[in-house]
1. Checking the structure you have, find out if any residue of segment 409-426 is assigned to a loop (DSSP other than H, G, I, E, B), without any contact (Cβ under 8 Å) to a residue 60 or more places away in the chain, more than 30 Å from PRO566 (Cα to Cα) and in the same structural domain as LEU328 (by TED's automatic domain parsing).
2. Quick one: which of ASP735, ASP754, ASP722 is under 28 Å from GLY885 (Cα atoms), touching a residue at least 12 places away in the same chain (Cβ under 8 Å), of a type in the set (Asp, Glu) and out of contact with any Pro (no Cβ under 8 Å at 6 or more places or on another chain)?
3. Residue check: is GLU370 in contact with a Phe, Trp or Tyr (Cβ under 6 Å, 6 or more places away or on another chain) and either more than 24 Å from ILE499 (Cβ to Cβ) or of a type outside the set (D, E, K, R) (or both)?
4. Give just the number: which of (1) closer than 21 Å to HIS407 by Cα; (2) outside any loop (DSSP other than H, G, I, E, B); (3) over 26 Å from the mean Cα position of the chain (by Cα) does PRO537 not satisfy?
5. Looking at (1) small (Gly, Ala, Ser); (2) at pLDDT below 85; (3) not in a loop (DSSP other than H, G, I, E, B), find the lone condition where SER590 falls short.
Amino acid sequence: MNNNFWQLLAIEKTTDIALIRQAYRAKLPEYHPETDPDGFKALREAYESAMQYAKSPESMADDLNQEQPTEEVITPLTEEERQVKEICDNYQALLDDPLRCHNVNEWHKFVASFYDYPMSIMEIAKWQMLDISYDTLTISLSCVKILADNLRWRQQIINHSPTNIEMYTNFFDHIDRGDFFDYDSLPRTNKTVQNVTIDYARCARWLFWEKPSQELNEYLSIHSVVYLPDDSEFIQELANWHYFSKTPNRGLLDYALSCIADPNQDQQKQEEWKAVAAMQYSLLEDEHNALLLWLELYHLPQYQEKATGWLMLWCAKNQFEYLPLLILALNQSYCLKKENPENYIFSIPQLTPSTLFRLLELNKQDFSDEIAAVISWAVDNNWNYRQVIYALLCDDGNSRLYRLYRHAIMLRHGNKKLLQEILAESCEDKFDQFILENLQRQARQNLEWLTNLSPVQEFTEWLYQSDENAVIPTKFDPNVEEGELFLYARLWLDRFDDIPFIAKLHLYDNVAYRNMEMFDWPIYYEFRGDNTLPQSPNQSIIAADNNAYWQWYRYCLLIISIADSPIKAANFIREKDNLFLLSENDPLASLIDTFKSGQWQNDTELYNLIDSDNRQISSMLVNYPNSIEAVIYASDEINWDEIEQIVEQRWANKLANKSVAGLMLLYSIVFDKANQKTKLKEILQKLAGDNTQLQKIVESFRLKISIPSSLKKDNDELQKIDTLKNLNQKLNKDDAIYEKEDIETLIEIKHNSDITLKLCSTLLLAKNMDHQKKLKSKAFPANKWWQIWRWNGRTNLIGFLKQMSFSCLLILLLLISASQTNLDNTITDILWGVAIINIIFAIKRRLNDGYYNSGIFYFISASLALPILLSPCWLSSVDETNRYGPPITE
């Protein structure tokens, strides 16, 4: 033996097994077993010699230093030695024969040949065969086990070699584990090829289990000539090693594809080979074919987790804006059967913890504002539709991405019609179709929940009940402890639909529901706004245009978004110019055109451009900051310290083209204060100018008299202005408040006038409320019906009649006494005086209760009218606290 094998491996003498293997792999491409079999054999022998040296350098050193003898002295063998050698040579021949070495039948034939030798010979030969087996690196463990069991190595080793018992026991354990693939599937024409393949597979397996993936990657990446055996289980295991180490192998892919194409493969095997092919396509960066296979494999439970991971990585790389959508689509909400009320909550589809975790891992700053809002909405417990309203508005029918996002959002906010539209959808793109199919799976869950869950059915039965006074079932009332099913009503109301008027009325009458979820603005438009939302298209329109229902829904969302946050909506519409193309006769067309224009830079400039005379547009501006519409809608929030500045500055351009008489009224209401008389006079004179008629109106404001009849005749506006002017004068004192009829008049004008008179009516109502608050803050004594002596007290109808009955009874007694007895004239005069004074006090207290105390003339008139059917008793009462204290309580 010499040192030539180190030169062949091109490395220095070493005991580093890993270095030897690496050198061997590096040299393999130079010695292909088919084109250079001798060179390949020499390289293999060099590798085995180097490995032998690494394991036992001391014994090898002596052999390497010895010179080859010029002549070999042959010692004759004994018959016993010859037979033992014959057995061992036959065994070695079996191991070296590529045709027989891994064939179980050949091993059984070899074992059968033992019967040709005496037991004493076999007793010697079997231990030599054990050593040969131990030293053969690529021996078939499954085959050698036949030999081990027959020769009983494990049972007798303790007597043969007690000092090496541990070494041989480990070897026997190794044999018992068998081959990790079928060695007989290797080519039977070349032993070297067999050895290389076995050594390659054994080393790869060891690295897979014992070393980091990087080391396995480095090993598998070395260019090697290795035959892939026709062993499907091993190929699948080898494919897993490559996938684990991220090492591509075209040969594995070709093998997998051939198995997939094999018509004789059963379904389970085909699925396994599709997984192998998907892994290799991924490693070879053939993402198109990989995607198709992973989409298919996702539907198989055993590959779902791995497919999910790959799809998310692919989506993050190639379709980033789809990533939150994919996460929502892959949500696997397990819903229990609806068995009893205690588990109803578990029948509602929800986002799973894994879905929420994946969404929380996303950086919202990496996405567009609309998609980032979808992420925030999904992880929020409340799931408020306002968060995603702009993402929904993006679906104008031209974006596949936003259409799928719409479907994902509709799983929570979609009514039955929109959920059914998800089920009717289809996509040509495979990835889009995959997302859609998963959304459809969830849509079916939601439809079942909406259709079959009994709490939902009971709630909708009450909601659609024709009786306007139908009382909400206690179980759905959030204001009582027994309202445990309120959640189901809330979830149903989170799905906007075109419900009938009676249903809206029921919601409006129940305050907890009026401002809930997606029906808050529809209820506002129905009962407090100046118009209703458009009705949904009928079935014939939907049949002709399957996108008609969504366009109606989206149009409603557009109105809601503007009303909810006008400035945000305006900026969004201007940024997304092409999303909103309305016809010229559309009620919103002028507003949308104003939003899109470049004529405004801030909310004040925009507000002055908006046509507030359009009743529909005006009703949509109730949330516009510091707008007239906001003041009209929320009169109880008027800040009287700021209203003057807002009128003079922010609304100046807005009001410039309005009726001059209406502006006079507005300024009279706002600046009607003792310290601003001069300013008000200057404003009114400036507004009137040289116009004679306007001068007369100014005079009526100054003198606090009615506008001349000649001007008001056939002029509805001036009649309303005169009415409002008089009502304003009625509140000239801080303790003055309106009667019921006055409030009704103001509300009527507020609902049926232009924006200036609406504002004036609102300000007067607000001023009245302000006076009421000041009165309620004072410490008035309580009013009781029996306090007949209180001149500044008040009494209701019943108290008035009781007090009057006392006077009538006293007068009756006086009349009876006058005819039967002779009372002292002084006593009689006193009693008559008490009766008359009591009547006067009763009238005064009754007038105080209704605030009919405009002066002594009115009091005298009421007193004189008393005999006419007791007219003062029928006067209406003011239910609020007035300057005479709170109303009588029972």
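The values are calculated or read from the model by the stated rules, or taken from the named source; none is laboratory data. Not measured: the values here are computed from a predicted model. Please note: Cβ atoms are built from the backbone with ideal geometry, for glycine as well, and neighbour counts cover all protein chains shown.
1. Here is the first cut: in segment 409-426, the residues assigned to a loop (DSSP other than H, G, I, E, B) are 414-415, 425-426.
Cutting the leftovers down to without any contact (Cβ under 8 Å) to a residue 60 or more places away in the chain gives us 425-426.
Those still in the list that are more than 30 Å from PRO566 (Cα to Cα) too: 425-426.
Filter once more, so that each one left must be in the same structural domain as LEU328 (by TED's automatic domain parsing): 425-426.
Within segment 409-426 (the criterion being assigned to a loop (DSSP other than H, G, I, E, B), without any contact (Cβ under 8 Å) to a residue 60 or more places away in the chain, more than 30 Å from PRO566 (Cα to Cα) and in the same structural domain as LEU328 (by TED's automatic domain parsing)), the answer is yes, since at least one residue qualifies.
2. Details: ASP754 fails: under 28 Å from GLY885 (Cα atoms); ASP722 fails: under 28 Å from GLY885 (Cα atoms).
After ruling out the rest, the residue left standing is ASP735.
3. Numbers: in contact with a Phe, Trp or Tyr (Cβ under 6 Å, 6 or more places away or on another chain): yes; either more than 24 Å from ILE499 (Cβ to Cβ) or of a type outside the set (D, E, K, R) (or both): yes.
For GLU370, the condition - in contact with a Phe, Trp or Tyr (Cβ under 6 Å, 6 or more places away or on another chain) and either more than 24 Å from ILE499 (Cβ to Cβ) or of a type outside the set (D, E, K, R) (or both) - is met.
4. Of the numbered conditions (1) closer than 21 Å to HIS407 by Cα; (2) outside any loop (DSSP other than H, G, I, E, B); (3) over 26 Å from the mean Cα position of the chain (by Cα), the odd one out for PRO537 is (2).
5. Status for SER590: all satisfied but (2).
Conditions (1) surrounded by fewer than 17 Cβ atoms within 10 Å (Cβ to Cβ); (2) of a type in the set (D, E, K, R); (3) not assigned by TED's automatic domain parsing to the domain that holds ILE235, marked per residue:
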site	(1), (2), (3)
ARG188	yes, yes, yes
TRP206	yes, no, no
PRO212	yes, no, no
LEU216	no, no, no
LEU220	no, no, no
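One line per residue, one yes/no per condition, for (1) within 16 Å of ILE139 (Cα to Cα); (2) more than 45 Å from the chain's Cα centre (by Cα):
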site	(1), (2)
PRO187	yes, yes
ALA201	yes, yes
ARG205	no, no
LYS211	no, no
LEU216	no, no
TYR219	no, yes
HIS223	no, yes
TYR227	no, yes
TRP241	no, no
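Condition check ((1) acidic (Asp, Glu); (2) at pLDDT below 90; (3) more than 24 Å from the chain's Cα centre (by Cα)) across all residues:
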{"site": "GLN445", "(1), (2), (3)": "no, no, no"}
{"site": "VAL471", "(1), (2), (3)": "no, yes, yes"}
{"site": "LYS504", "(1), (2), (3)": "no, no, yes"}
{"site": "ASN515", "(1), (2), (3)": "no, yes, no"}
{"site": "ARG528", "(1), (2), (3)": "no, yes, yes"}
